[in-house]
Amino acid sequence: MNQPSHDDSLFDHCPWLFAERASDGQRAAQEERQRRLLAGPGEVRLGEGCFVARTAAVHPDVLHLGDRSYIAAHAYVTDAIRTGADCTINPFTVVRGTVTLGDGVRVGAHSSLLGFNHGSAPDLPVHQQPVISRGITVGDDVWIGSHVIVVDGVTIGDHCVIGAGAVVTKDLPAWTVAAGNPARRIRDRREPRGAKRSPGGEAARTRRAGGADAVTGWPAGVGAPARAGWPAGVGAPERAGWSAGVGASAGGGRSAEPDALAEALSAFAESARAQAAGLLERSWRPDTGRYVDRPGAAPTIRAHCDAIEIADLLIGDVPPQLPATEHVERLRALQDPATGLVPEYGAASPPPGPAGLPENDGVAAYHVLCVGYALDLLGSSFAHPVHAVRTTTADRLVRHLGALPWPDRAWHAGAWVDSWATAAHWNRRAGGEAAAPGALEALFGWLHTHAEPWTGMWGSPTREAGRLQMVNGYYRLTRGSFAQFGLPVPYPERVIDTVLDHARDPRHFAPGRENACNVLDVIHPLWLCARQTAHRSEETRSWAANQLTAALRRWHTGQGFGFGPASDGSGPGREPGLQGTEMWLAITWLLADVLGVADMLGYRPRGIHRPEPAPLTQG
């Protein structure tokens, strides 16, 4: 048995010995050190078994340490640093800027991870140049040797090894062994040292590393299930709560512990159910016989559909303002029999676009989702196929997919895919063809071959909004395609990396700036990908715990949830209404499910935000 050591410098330099060999006094000193960090000005979260050396200079805006992670002697840590579990920042290491480490990352002594940079325009002295930060992302199971420098904007994939003294200036794929200045790939870590590469070996390695298989088009090792279920052996994440230390709130406090949060969820759901009839009545206009999102707003078809979803969630029945048969008849009558589309009240049916759906009528495209699922909840369906999609050929679809505005309007592109795929689903469920032969298969083939391996997404960040368009478009796209049809998404680990990076963007997630759209479009991809991988699950649960605690505070008694602020003016705003209520109820369930406590709500989404793939048969 190891004897306690009274040499504080031993643990500062070898923190992995602390758990077994520290004295009671040294443990008390470490607890006090961590208390001071938690009480400091930054947002600090420390998992179980963490250690921060007394000689380390730690002055963060954000510091999240996963379980059993260490900061050793004389390290210099500032700005926004997040680690998974079992990470070590060794002595004299500098970690600054925006830096995210996965699980099991070892950073050798005297290394520098510099997730920021200065501008270099010739019109200003260097000391007056603005500081920019694209951030550094390091995957799981990575060993960064001593005296390594990693510059801003670099992503290091899972399982990489970086040789001592390397200067990493470009992204490194998973399993790379790299060294040199600038760092270059030496070999694949899975290859024996000195092994010669066989012809075609790079393609084989790509498949082994999780790229899309050249033959099937599906991620390596993942079969394409016919419809239902996820890949064999892949289950939902653990349901037994989350580890201690997860769920710390800004300023060093902690959000509710699992038992307290479960009780809060149960109390919230009970109260919401008691108020459900009143908030539906609040949005009913007896003079027009229609629903509005909130008092004073104009009647909309979406408001009617939101009312049906809310009633199903909270009272398990139809909205009481009309009998079930009347709800069904009104919604079915809205569909244009020629195109199968549903225009807004008083509007003409929009003409179909080159690949079926209208180009400039997002309302009619969204009605494919909300009216279709409202009818489904009522035990009915569209009266007619969505002819505008049923006649789409594979060639026309592929051409249109390539022409969508992915670089700067990825949300618009993703929303179009969502509506097209949902229309195809309703057509298929009605017993006919989803679209022209081969079109549905062409959709998934195109999506697999155009997903970006480094982000797992379609589209690109923009200067104005960062990753907002890309992430929000990913939610819409995958909701209607992969999730709705029960198929695995490509590159789930990279998706999680991208989404968690986006969730730190203060333009969209600073206190008071969250809205239903942006929070939903983060939690759904995290929830969806967690069904294929446990990558960064601790950080995902931490984010979910914070958001869930905040979401429960947003309920307005007797009125429901407000959508929330939106810088571009989209959405109905902060005032409580049906759209905000429907979305936040679904968000609350997803957040709670990630944390393993969704059962406490007593409801489960069955409409647009249903967690299961949509069945081909009704009911």
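Of all the listed residues (T83, T93, T100), the sole one being touching a Gly at 6+ places or on another chain (Cβ under 9 Å), of a type outside the set (K, R) and farther than 30 Å from D7 by Cα is T100. Restricted to helices (runs of 4 or more DSSP H) entirely inside segment 447-562, those with at least 3 residues that are hydrophobic (A, V, I, L, M, F, W, C), in contact (Cβ under 8 Å) with a residue 40 or more places away in the chain and crowded, with 19+ Cβ neighbours inside 10 Å are 468-478, 492-502, 516-529, 537-552.
Looking at segment 142-155, is at least one residue in contact with a Lys or Arg (Cβ under 6 Å, 6 or more places away or on another chain), buried (at least 19 other Cβ atoms within 10 Å of the Cβ) and among the charged types (D, E, K, R)? Among the residues of segment 142-155, at least one is in contact with a Lys or Arg (Cβ under 6 Å, 6 or more places away or on another chain), buried (at least 19 other Cβ atoms within 10 Å of the Cβ) and among the charged types (D, E, K, R), which makes the answer yes. Reported count of residues in segment 320-348, each being surrounded by fewer than 19 Cβ atoms within 10 Å (Cβ to Cβ), within 19 Å of H304 (Cβ to Cβ) and not hydrophobic (A, V, I, L, M, F, W, C), is 11. In the set G97, G49, G66, only one residue is surrounded by fewer than 21 Cβ atoms within 10 Å (Cβ to Cβ) and assigned by TED's automatic domain parsing to the domain that holds D171; that residue is G49. Of the residues making up segment 493-534, those that are more than 21 Å from M583 (Cα to Cα) and among the β-branched types (V, I, T) are V495, I496, T498, T533.
Cβ-Cβ contacts under 9 Å between residues 6 or more apart (or on different chains), taken from a first residue in segment 126-148 that is under 22 Å from V177 (Cα atoms) and touching a residue at least 40 places away in the same chain (Cβ under 8 Å) to a second residue that is part of a strand (DSSP E or B) and charged (D, E, K, R), are listed as V142/R106.
Being in contact with a helix residue (DSSP H, G or I) (Cβ under 9 Å, 6 or more places away or on another chain) and not β-branched (V, I, T) is true for just one of A80, A75, A85. Which residue is that?
Values: A80 fails: in contact with a helix residue (DSSP H, G or I) (Cβ under 9 Å, 6 or more places away or on another chain); A75 fails: in contact with a helix residue (DSSP H, G or I) (Cβ under 9 Å, 6 or more places away or on another chain).
Step by step, each of A80, A75, A85 is checked, and only A85 is in contact with a helix residue (DSSP H, G or I) (Cβ under 9 Å, 6 or more places away or on another chain) and not β-branched (V, I, T).
Under the condition of being of a type in the set (G, A, S), within 13 Å of L334 (Cβ to Cβ) and in contact with a Leu (Cβ under 6 Å, 6 or more places away or on another chain), the residues counted in segment 344-373 number 2.
Across segment 53-69, the qualifying residues are those that are in a strand (DSSP E or B) and within 27 Å of the chain's Cα centre (by Cα), and the one among them that is nearest to D12 (Cα to Cα) is L65. Candidates V168, V148: the one that is closer than 22 Å to A85 by Cβ and hydrophobic (A, V, I, L, M, F, W, C) is V148. Among the residues of segment 15-30, which ones are free of Cβ contacts under 8 Å to residues at least 12 places away in the same chain and either under 17 Å from A57 (Cα atoms) or surrounded by 13 or more Cβ atoms within 10 Å (Cβ to Cβ) (or both)? R27, the sole residue that qualifies.
From the list L578, L585, the lone residue that is over 21 Å from L261 (Cβ atoms) and touching a strand residue (DSSP E or B) at 6+ places or on another chain (Cβ under 9 Å) is L578. Consider H400 carefully, then state whether it is touching a Pro at 6+ places or on another chain (Cβ under 6 Å) and of a type outside the set (D, E, K, R). Against the criterion (touching a Pro at 6+ places or on another chain (Cβ under 6 Å) and of a type outside the set (D, E, K, R)), H400 qualifies.
The values are calculated or read from the model by the stated rules, or taken from the named source; none is laboratory data. Treat the numbers as computed from the prediction; the structure is a model and nothing was measured. Counting neighbours? That spans all protein chains shown, and the Cβs are built from the backbone with ideal geometry, glycine included.
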